[in-house]
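Reviewing the structure listed below.
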Amino acid sequence: MNKYLQLLKDAFTQLHEKKLEAALALLREAESAYDPNDRNMGVTKEDLYLTRGSIFYEQQNFQEAQAAFENALKENPASSESCLQLGKTFLQLGELENSKTMLEWAIKNDSMNQNAQLLLQKVTDVLENGIMTKEQEDLLIIAYNDFQKKHYDDAMEKVLVLEKHESEKFASLLNFKGFVCLAQNNMEEAKAAFEKAKTVNPESSQAYAGLGELLYLEKNDYESKKMFEIALHLNPDNHFAIGGLDKLARQKETPAVAKTASLIEPLISESFQLFSNNDFIASLQKLEFAEKELRLRGDAEPVLMSRLLNFKGTILTRMQSYSDARKAFEEALTANPESSPACCGLGEVFAAEGNPEAAKTMFEWALKLNPQNEAAKQGLESVIQHV
């Protein structure tokens with residue numbers, strides 16, 4: 001195994017065992033061993049900086065964490081994870097405006113980054129109202145971290161403490177409580193929280209989105225659709241509501257397609273979780289297993305196959321395996337000629353390969369298919385100056 005990769009792997013092991021200083025030492029050694037000319041390693045220095053930042057963050061050394069996450073973002077300006085971690089770090093440093101900016105960029109880079117969405121709500125409310133004490137702010141940050149780690153009972157315990165003082169002022173706190181209740185499968189409490197959030201703020205898009213999700217889980221598709229649509233009317237950028245409407249649309253697929261999706265979707269979700277943790281090799285292996293299963297079934301729905309291949313192309317792009325990434329995106333586009341992500345992915349590959357003209361064309365096609373494709377917008381802005 002490549003020395004850099006081995007040292008990085010060893011650092012991950014030390015980190016998981018909470019041996020933070022040993023992990024930092026291995027990361028320093030890995031940084032020295034990094035060879036920028038080796039483009040087939042599967043990882044970049046972004047992974048190193050993200051890991052280093054996470055260690056400093058856990059040690060509450062937020063200045064050093066900030067520097068590490070900023071280096072990760074320099075390595076990959078489109079990294080949603082780096083933006084999220086910077087947003088969290090700025091929040092700990094009390095730099096709310098900077099925190100808000102980075103969380104907004106995290107969502108632009110990955111519209112499904114729910115952790116960034118939830119934390120952005122909190123930061124925005126604090127900026128607008130400015131009435132939480134430092135102790136309450138710290139407690140809410142811990143609650144969000146608990147939610148991110150799926151420690152729902154711990155998150156709820158802190159939310160209930162905050163609710164005694166802030167429930168009449170912060171709709172976002174109530175919405176957060178609602179989503180924690182949903183995660184705990186406590187539908188009655190979730191509904192009460194979202195309804196109360198609507199009372200506190202009648203224009204709370206996230207409250208309607210939460211009710212839409214609740215109704216979706218109760219299989220009340222008609223009312224669920226109405227709630228998601230109201231959420232989008234109040235905030236066209238509510239990605240949780242966009243995802244909800246997408247779920248409802250997919251339910252109209254044929255029974256055979258739905259059955260296939262039910263088998264493949266969990267594998268894709270597991271792959272995405274590994275990808276979110278920067279474990280690209282394991283993520284690719286999981287996704288390739290899902291791809292094999294999908295092809296073997298013989299009833300592959302083109303849009304599902306396209307979505308899977310787009311994700312595969314994204315992983316390969318992060319691994320700098322551009323030739324294989326291009327093949328994945330091209331097949332995705334063949335399966336679904338209306339796929340904006342496939343065009344955008346090809347644009348990113350062409351840009352990385354030093355072909356700005358071809359990249360520009362693909363980014364333009366991505367935007368024709370979906371004018372809201374933020375990654376394509378950013379990609380187009382980047383390559384125009386090189387054409």
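The values are calculated or read from the model by the stated rules, or taken from the named source; none is laboratory data. All of these numbers come straight from a predicted model, not from anything done at the bench. Methodologically, a virtual Cβ is constructed for each residue, glycine included, from the backbone with ideal geometry; neighbour enumeration extends over all protein chains shown. Note: areas computed on protein heavy atoms with side chains; ligands, DNA, RNA excluded. Shrake-Rupley method; radii C 1.70, N 1.55, O 1.52, S 1.80 Å.
Points to keep in mind about this one:
- Structural size metrics of the chain, computed from C-alpha coordinates, are Rg and Dmax of 21.5, 58 Å.
- Helix-only CD estimate at 222 nm, as mean residue ellipticity for the chain, using -39500 (n - 2.57) per DSSP H run (n ≥ 4): -25500 deg cm²/dmol
- For SER323 and THR124, the difference between the fully extended length at 0.36 nm per residue and the C-alpha to C-alpha distance is 67.5 nm.
- Highest GNM mean-square fluctuation among GLN121, GLN320, GLN148, for the chain modelled with Cα contacts below 10 Å: GLN148.
- As a calculated quantity, the FRET efficiency between THR334 and GLN385 at R0 = 35 Å, using C-beta atoms, amounts to about 0.70.
- The stretch 186-232-the stretch 79-114 distance, computed between alpha-carbon centres (Å): 25 Å
- Here the contact order of the chain, divided by its residue count and restricted to Cα pairs under 8 Å and six or more residues apart, works out to 9 percent.
- When the convex hull of its Cα atoms is projected in every direction, mean area for the stretch 177-243 (nm²): 3.9 nm²
- Nitroxide proxy distance, nm - points 7 Å out along Cα→Cβ at LYS368 and LEU248: 3.1 nm
- The trypsin sites (Lys or Arg not before Pro) found in the stretch 331-387 include none that occupy coil by DSSP while having at most 11 further C-beta atoms within 10 Å.
- Computed FRET value (nearest 0.05) for LEU93 with ILE142, which takes r as the C-beta separation and R₀ as 25 Å: 0.95
- Carbon-plus-sulfur accessible fraction, the chain (probe radius 1.4 Å, protein heavy atoms only): 50%.
- Considering only ALA358, ALA171, ALA207, the mean-square fluctuation computed in a Gaussian network model of the chain, springs between alpha carbons under 10 angstrom, is largest for ALA358.
- With 30 Å as the limit, the listed pairs LYS108/LYS177; LYS88/LYS327; LYS9/LYS158; LYS247/LYS286; LYS18/LYS286 have LYS88/LYS327; LYS9/LYS158 beyond it between alpha carbons.
- Computed lengthening from LYS9 to VAL161, 0.36 nm per intervening residue step minus Cα-Cα distance: 50.7 nm
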